[in-house]
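The values are calculated or read from the model by the stated rules, or taken from the named source; none is laboratory data. Everything quoted here is computed from the prediction, not taken from an experiment. Cβ sites come from the backbone with ideal geometry, for glycine too, and all protein chains shown count toward neighbours.
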Amino acid sequence: MWVFFLALPTVTRPPPGELTVHEGETVTIECEAIGVPPPLIVWRLNWGHIGAPPRITVTIERSTDRPGVFTTHSVLTITQSRKEDEGAYTCEALNTKGSIFAVPDTIVHILRKQFTDLCEIYSLISIRCKCTVHIHNSGVALVIAGPTDCNFSAPKIRGMMPPY
């Protein structure tokens, strides 16, 4: 006969403090906790909800390494990362005895895609240069990484005056 005592969850493997990926790459964050009964692991982004499947998924595995002690391992996966996926991801382990937050939160940074040499933006503007182009939601910003001789060309768009 086994007698089980309730135990507050304990985080045994916290997530990393910081992750940096390029836009479009996959983000993977892991967290593990033990407790009795088995803890549930919940993920939050900036104290709110994480995104929805299929792009954002959470997998949970439960195991018993020793009698009466349950381990929960959770993996948060974000595929095709976007700028809006940036922020603080929190791992919380909870059961009927209580809850605990993993320390630290994981701060995720998403870097915008970079294009070099011959770039075509929105199929309207062509840039031929030795520079790096950073794409921003609000437009295009150039950061010159090589010689400062860039040639820009854009077709005239009916009803619009440069700059476009």
Check your understanding: Going by the conditions given, is Ile100 surrounded by 15 or more Cβ atoms within 10 Å (Cβ to Cβ) and either within 9 Å of the chain's Cα centre (by Cα) or free of Cβ contacts under 8 Å to residues at least 12 places away in the same chain (or both)?
Key -> no
**Study point:** Qualifying residue in region 108-129 (condition: out of contact with any Asp or Glu (no Cβ under 9 Å at 6 or more places or on another chain), modelled with pLDDT of 60 or more and part of a loop (DSSP other than H, G, I, E, B))
**Key:** no
Revision key, fill the gap. By residue number, the members of region 51-70 that are modelled with pLDDT of 95 or more and buried (at least 18 other Cβ atoms within 10 Å of the Cβ) are Ile56
Check your understanding: How about region 38-72: which of its residues are touching a Lys or Arg at 6+ places or on another chain (Cβ under 8 Å) and not β-branched (Val, Ile, Thr)?
Key -> Pro38, Phe70
Exercise for review: Hey, can you tell me all the residues within region 15-42 that are within 21 Å of Thr96 (Cα to Cα) and touching a residue at least 40 places away in the same chain (Cβ under 8 Å)?
Suggested key: Cys31, Glu32, Ala33, Gly35, Val36, Pro37, Pro38, Pro39, Leu40, Ile41, Val42
